[in-house]
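Q: Have a look at the structure that comes next, please.
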Amino acid sequence: MDDLLRAKRNAFIYRSFRDVADCDYIAARISHRFKLFDQFLWSALQAVEKYLKTIILIYDGDT
């Protein structure tokens with residue numbers, strides 16, 4: 001894969017997964033602070049899942 005295509009692919013992956021995971025992570029922290037434990041667990045789970053997908057896709061793994 002040429003460098004330009006890889007850069008565009010990685011930018012798409014970051015926008016699609018990592019940036020959304022960051023928002024889920026922030027939501028999880030806020031939920032924990034306000035003792036909304038069910039929402040905290042769900043948001044944390046979503047954040048971890050999206051971070052792992054980002055790592056797998058950046059290193060050319062298969063989801």
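Q: Evaluate the following for I26: is it closer than 19 Å to L52 by Cβ and of a type in the set (V, I, T)?
A: Working: closer than 19 Å to L52 by Cβ: yes; of a type in the set (V, I, T): yes.
Against the criterion (closer than 19 Å to L52 by Cβ and of a type in the set (V, I, T)), I26 qualifies.
Q: Can you tell which of F12, F40, F17 is touching a His at 6+ places or on another chain (Cβ under 8 Å) and in a helix (DSSP H, G or I)?
A: On the way: F12 fails: touching a His at 6+ places or on another chain (Cβ under 8 Å); F17 fails: touching a His at 6+ places or on another chain (Cβ under 8 Å).
None of the other options fit; the residue is F40.
Q: Only residues that are under 13 Å from the mean Cα position of the chain (by Cα) and either outside any helix (DSSP H, G or I) or loosely packed, with under 13 Cβ neighbours inside 10 Å (or both): list them for the range 20-33, please.
A: I26
Q: Based on this model, can you work out whether F37 counts as aromatic (F, W, Y) and loosely packed, with under 13 Cβ neighbours inside 10 Å? Talk me through it step by step, then tell me what you get.
A: Values: aromatic (F, W, Y): yes; loosely packed, with under 13 Cβ neighbours inside 10 Å: yes.
So F37 fits the description; yes.
Q: Looking only at the range 43-63, count every residue that is free of Cβ contacts under 8 Å to residues at least 12 places away in the same chain and more than 29 Å from M1 (Cβ to Cβ) and tell me the total.
A: Number of matching residues: 1.
Q: Still on this structure, please answer the following. Just need a number here: residues in the range 40-63 that are surrounded by 15 or more Cβ atoms within 10 Å (Cβ to Cβ) and either of a type outside the set (G, A, S) or within 13 Å of N10 (Cα to Cα) (or both). Explain how you work it out, then say what you get.
A: Looking only at the range 40-63, we keep the residues that are surrounded by 15 or more Cβ atoms within 10 Å (Cβ to Cβ), and these are 40, 42-44, 46-47, 50-51, 53-54, 57-58.
In the following step, the residues that additionally are either of a type outside the set (G, A, S) or within 13 Å of N10 (Cα to Cα) (or both) were identified as 40, 42, 46, 50-51, 53-54, 57-58.
Qualifying residue count, the range 40-63: 9.
Read the figures in this text as sums done on the coordinates, not as results from a lab. Not measured: the values here are computed from a predicted model. FYI the Cβ positions are ideal-geometry reconstructions off the backbone, even for glycines, and counts take in every protein chain you see.
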